[in-house]
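Engineer: Pasting a structure here, questions to come.
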Amino acid sequence: MKPSLIGLLQAIGVIGYCVLIALIFNFLSTRNIEPPGIIGFTAMLVILVFSAAATGSIVFGYPAYLFFKEGKIKESLKVLFFTGIFCLIIAAIIALVYLIF
């Protein structure tokens with residue numbers, strides 16, 4: 001596959017994961033579910049760490065494989081570049097749609 005297509009698919013995966021987490025938080029806020037004190041902070045930190053690991057593996061997993069296993073430095077950087085660009089484009093489109101509607 002082309003690096004641009006891989007970047008697009010990875011960006012869709014990252015945005016999809018972020019939307020899923022946002023939907024979960026939205027659902028919990030409408031139910032007025034608030035864990036008490038230390039449990040709430042701990043849960044938020046665990047979600048933060050898991051989210052960093054999940055999105056990091058989506059964004060950096062395949063480029064790292066290309067870089068270290070295949071030795072394709074240029075292609076791995078292209079995939080990273082396209083993933084970042086497509087994430088920004090998709091986020092901008094979502095922001096524009098939100099502002100318009």
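The values are calculated or read from the model by the stated rules, or taken from the named source; none is laboratory data. Remember, it's a predicted structure, so these values are computed and weren't measured experimentally. Note: ideal-geometry Cβ built from the backbone for every residue, glycine included; neighbour counts use all protein chains shown. Just so you know, the surface numbers come from the protein's heavy atoms only, side chains and all, with ligands and any DNA or RNA stripped out. Shrake-Rupley method; radii C 1.70, N 1.55, O 1.52, S 1.80 Å.
Engineer: For the chain, what is the relative contact order in percent, using Cα pairs closer than 8 Å and at least 6 residues apart in sequence?
Structural biologist: Reported relative contact order: 52 percent.
Engineer: If I fit a long axis through the Cα atoms of helix 37-65 and take the longest principal axis of the Cα atoms of the chain, what angle between them do I get, 0 to 90°, rounded to 10?
Structural biologist: 10
Engineer: Given C-alpha coordinates of region 1-84, what is the ratio Rg to Rh with the Kirkwood estimate of Rh?
Structural biologist: That ratio is 1.15, to two decimals.
Engineer: To the nearest 10 degrees, how steeply does helix 73-100 sit against the main Cα axis of the chain, on a 0 to 90 scale?
Structural biologist: Tilt of helix 73-100: around 40 degrees.
Engineer: If you don't mind, there's one more thing I want to ask. State in Å² the accessible area per residue of the chain; use a 1.4 Å probe, count heavy atoms of protein chains only, and round to the nearest integer.
Structural biologist: 74
Engineer: Further question: Could you please report the charge total around S76, scoring K, R as +1 and D, E as -1 over all other residues with beta-carbon less than 14 angstrom from its beta-carbon?
Structural biologist: That sum, taken over residues with Cβ under 14 Å, equals +3.
Engineer: Probe radius 1.4 Å, ligands and nucleic acids ignored: give me the carbon and sulfur share of the accessible area of the chain as a rounded percent.
Structural biologist: Looking at the chain in its full context, I get 78 percent from C and S.
Engineer: I would also like to ask the following. For helix 3-30, report the angle its Cα long axis makes with the longest principal axis of the Cα atoms of the chain; keep it between 0 and 90° and round to the nearest 10°.
Structural biologist: For 3-30 against the chain, the angle is about 0 degrees.
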